[in-house]
Amino acid sequence: MKEIINLPVKNVEEEEYHINMGPQHPSTHGVLRLVVSLQGEIVQNLKPHCGYIHRGIEKMCEKDTYPQIIHLTDRMDYFSAHINNNAVCMLVEKALEVDVPERVTYIRTIIDELTRINSHQLWWCSFGMDLGGLTCFFYGLRDREKILDIFEESFGSRLLHSYYTPGGLMMDVHPNFQKNVKAFIKYFRKKIKDYDDILSGNVIMQERTKGIGILTREDAISYGVTGPSARASGYSCDVRKHHPYGLYDKVEFREILGTAGDTFERYMMRMQEMRESMNIIEQLIDNIPAGDHTAKMKAVLKLPAGEYYQRVETARGELGVYVVSDGNKTPFRIKFRSPSFSNLSVLDHITRGCKIADLVAIGASMDYVIPDIDR
Amino acid sequence: MGVIKNMKDTDFRDNETLELFKKSGGNILMTTIDAVIDWGRSNSIWPLTFATSCCGIEMMATGAARHDFARFGIEVYRASPRQADVIVVAGTIVNKMAPVLKRLYDQMSDPKYVIAMGACAVSGGPFYYNSYHVVRGVDHVIPVDVYVPGCPPRPEALLYGVMQLQRKIRLESMGQPRQTVELK
Amino acid sequence: MDNAALKERILSLVPDAEYQENKQFLTFIIPPAKMHDLALKLISEADLSFDYLFCLTGVDMVKFLEVVYHLESTTHRHQLVLKVRTGDRENGAVDTVCDVWKTAEFHEREVYDLLGIRFANHPDLRRIFLDENWKGYPFRKDYTDEVNIVEL
């Protein structure tokens, strides 16, 4: 008995404790496994384990023709599906030196911005839900349904449309497109004030997000973080400003930059971006020129041998498509530089020293989509 | 916009097995208790929060305000498999995720049901050819009750799938307990 | 800096770099032994300051394996592409650059996982997407898998 009493008792607080925020978890936004090493409730370090939705899309694309690749890019980052499609279409059009009609560029830019608003609405839903405010889920999805109605009328499906094709669009937009988009913008400008009332000004939300998960500008550049998560740290990285494509050099919009680099700032970036996207759409929606909805393309597209790279700004950050072609109708190697992959790599660095509840808030503010990480 | 044909109430309640049972003069007490239990179970199916990829978003949209599936009894999602009744496999299952899915299914307590939502869960979907890491259909891993095709299926299609599951549950009887097939 | 001046600068830093024609970016093929030193100079010299590595790719050109680095400078906004080749398919190794650009840590793990190119001095080189006991490197051109791949 005495031996048991005299055994040295380890101080429980000094031991490290590993927990698994496993692939099935309500707030990891998909199948991401985080092995978190804790001391008490403070995070010491974090190891992400990816690959639970790795489908080998890049290898599959080596056997698909370029119009077929569009369907697979949809499924990578399904919130910015059109923007992903746009990247591959522009790459093929530039390589084959095809001029798309101006009508196509206008419609593509408007739809890209609608997709961005759509993605940020869903981000807002899941951000509120992760912090515990389930009302946000219903409000955001209700408003998102309005955009999905517009998409369904013109393209036929609510999610994963594959509407862009190298050379133009698969079919022309519905005659009601212009009217519906204008009605949506009018509706959403009022509703976004509600979003600020519900969540942005909420004292619990501000206590949980201000000063948490600070990312400095140098770290953002070095870790390759892009998109609103990096702009919150003051890093100007918007591809639409620095390497403009489509009509972005002809419309006026601000690149929203922050200073603090914490979770609250990343949140405010996306709220402001929704407003800027609406401004861009308003400048373009009344001026869509008449014309063809596609350029004349050959039946079989063969890119000349060489290397091509196209950058676009998705709702998450910079997507890059790198194609090595050997002259055939399928690419020799295609690589998607996905924004969520780089955004995830900085998660370990910024969560050191915070609590588990903060980890959830930081993960929600980085806005990664897991199939985009794993491809 | 497309409209899925509504199921008439008479069709919903009509089943050859039920008819046969009634005709062959089954035990009245058992049928009443069965009816009550099955009515209770089918109208209160609580799913597990499980979504791998794009179909998960359509599942969330089905739960949202417009296509509200709380009116079908799916009141809340449960995060823990012990408390969940159904697992709606929404999204692609890959080789690395398959053991995790099997473990989640094993952790669920009886009676448990599986809905395979989306083309990827039904048969591998767009990733059937040329992928080295995708499981071609979730029924290689766990036994499936209802298949809902589509890429992604519309919310109305998922609601129809849930209604089919409700019909299937109403066929159950205490005298013949549900056989869960053990896959090797 | 425009492309002509940049080309001279790179050739002065690494005289045996091979220039490759490309319509979009200035491209050089660097010998593997010189890559790490060049990386340190590219980020530290004030007129170059390539601090943003925006894409790191592994390619299996059947005769050799190649790692392609796409670089950009956030101050001067000029871009550069560097390639490093290794002919050894069994134990081909390239020096890591994750002490220069921290984004390379994850990207190099991905290249190792899918193509089998090793990176010397990498802090944590292990598979990232596939299971640890997966045999083979799927993105290689000679990868076959009768069990998992249904060929079209």
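Bear in mind these aren't lab numbers, they're just calculated from the coordinates by the rules spelled out. This one's a predicted model, so the numbers in the text were calculated from it and none came from an experiment. Neighbour counts run over all protein chains shown; Cβ positions are idealised from the backbone, glycine included.
Would you work out the charge dipole size for the range C:3-120 about its Cα centre, treating the Cβ of every Lys and Arg as +1 and the Cβ of every Asp and Glu as -1, and quote it to the nearest 20 debye?
So the dipole magnitude of the range C:3-120 works out to roughly 220 debye.
Which entries in the list A:Lys59/C:Lys41; A:Lys329/C:Lys83; A:Lys335/C:Lys135; B:Lys96/C:Lys102; A:Lys210/C:Lys41; A:Lys146/C:Lys23 go over 31 Å, if you measure between the two C-alpha atoms of each?
A:Lys59/C:Lys41; A:Lys210/C:Lys41; A:Lys146/C:Lys23
Pull up the DSSP beta bridges for the protein assembly as shown and report the antiparallel fraction as a percent, rounded to 5.
75 percent
How charged is the neighbourhood of A:Tyr163? Take every other residue with its Cβ under 10 Å from the Cβ of A:Tyr163, and add Lys/Arg as +1 and Asp/Glu as -1. Each step should come with its number before you reach the end.
Details: positive: A:Arg108; negative: A:Asp74.
Surrounding charge for A:Tyr163 is 0.
Suppose we keep just the DSSP beta bridges with both residues in the range C:3-120; what percent of those would be antiparallel, to 5? Could the numbers behind the result be given before it?
Values: 20 of 27 bridges.
Around 75 percent antiparallel, to the nearest 5.
Taking the Cα centre of the protein assembly as shown as origin and charging only Cβ (+1 Lys, Arg; -1 Asp, Glu), how large is the dipole, in debye to the nearest 20?
Charge dipole, the protein assembly as shown, about its Cα centre: 1260 debye, nearest 20.
Quick check: the angle from helix A:102-131's long axis to the longest principal axis of chain A, C-alpha only, nearest 10 degrees?
20 degrees
Can you work out the FRET efficiency for the pair A:Asp196 and B:Arg66, with r the C-beta to C-beta distance and R0 = 30 Å, to the nearest 0.05?
Numbers: r = 23 Å, r/R0 = 0.77.
With a Förster radius of 30 Å, E is 0.80.
Quick one: the Cα spread of the protein assembly as shown along its three principal axes, in angstroms, biggest first?
Each principal axis gives a Cα extent; for the protein assembly as shown these are 96, 89, 58 Å.
What residues from the range C:62-101 fall in the zone where the backbone N is under 15 Å from a label point 7 Å along the Cα-to-C-beta line of C:Met1?
Flagged as within label range: C:71-82.
Going by a ≥ b ≥ c, the root eigenvalues of the Cα gyration tensor, does the range A:248-375 fall in the rounded group (a/c under 1.5), the prolate group (a/b larger than b/c) or the oblate group?
Oblate.
Using a basic spin-label model with each label point 7 Å from the Cα along Cα→Cβ, how many nm lie between A:Lys250 and C:Lys41?
In this crude spin-label approximation the distance works out to 4.5 nm.
What residues of the range C:1-28 lie in the reach of a label at C:Ser49, counting those whose backbone N is under 13 Å from a point 7 Å from the Cα along Cα→Cβ?
Taking a point 7 Å out along Cα→Cβ of C:Ser49, the residues of the range C:1-28 whose backbone N falls under 13 Å are C:1.
To the nearest 20 debye, what charge dipole does chain A have about its Cα centre, counting +1 at the Cβ of each Lys and Arg and -1 at the Cβ of each Asp and Glu?
Charge dipole, chain A, about its Cα centre: 540 debye, nearest 20.
Could you point to the residue in C:Ser73, C:Ser44, C:Leu6 farthest towards the positive end of the range C:3-120's charge dipole, with +1 and -1 charges on the Cβ of Lys/Arg and Asp/Glu respectively?
C:Leu6
In which sequence would A:Trp124, C:Trp134, B:Trp39, C:Trp101 go, from the one with the fewest C-beta neighbours within 10 Å to the one with the most?
Working: A:Trp124 28, C:Trp134 16, B:Trp39 13, C:Trp101 24.
Listing A:Trp124, C:Trp134, B:Trp39, C:Trp101 from fewest to most nearby Cβ atoms yields B:Trp39, C:Trp134, C:Trp101, A:Trp124.
Among the trypsin sites (Lys or Arg not before Pro) within the range A:176-282, which fall in a DSSP loop and have no more than 13 other Cβ atoms within 10 Å of their own Cβ?
Loop-located and lightly packed - A:Lys210, A:Lys250, A:Arg254.
Extending each Cα 7 Å along its Cβ direction at B:Gln107 and B:Tyr129, get the distance between those two points in nm, one decimal.
The answer from the label model is 3.8 nm.
How far, in degrees from 0 to 90, does helix A:81-96 lean away from the longest principal axis of the Cα atoms of chain A, to the nearest 10?
50 degrees
Sorted from fewest to most neighbouring beta carbons within 10 Å, what does the list A:Ser154, A:Ser233 look like?
Fewest-to-most ranking of A:Ser154, A:Ser233: A:Ser154, A:Ser233.
Taking the dipole about the Cα centre of the protein assembly as shown, with the C-beta of Lys and Arg at +1 and of Asp and Glu at -1, give me whichever of A:Ser365, A:Ala95, A:Cys61 is farthest to the positive side.
Going by the charge dipole, the pick is A:Cys61.
Over chain A, how many percent of alpha carbon pairs lie in each 10 Å bin up to the one with the longest distance?
All Cα pairs, binned at 10 Å, distribute as 5, 23, 31, 23, 11, 4, 2, 1, 0, 0 percent.
Projected onto the charge dipole of the range C:55-152 (+1 at Lys/Arg Cβ, -1 at Asp/Glu Cβ, origin at the Cα centre), which of C:Leu114, C:Leu82, C:Thr103 gives the Cα projection farthest towards the positive end?
Result: C:Leu82.
How many nm is it between the label spots at C:His76 and B:Ile37, if each spot is 7 Å from the Cα in line with the beta carbon?
Modelled inter-label distance: 7.8 nm.
Report the far tail of the P(r) of the range C:25-152, meaning the percent of Cα-Cα pairs longer than 17 Å.
I get 59 percent for the Cα pairs in the range C:25-152 exceeding 17 Å.
Please rank A:Tyr17, B:Tyr113, B:Tyr160, fewest neighbouring Cβ atoms within 10 Å first, as an exposure proxy.
Ascending number of Cβ neighbours within 10 Å: A:Tyr17, B:Tyr160, B:Tyr113.
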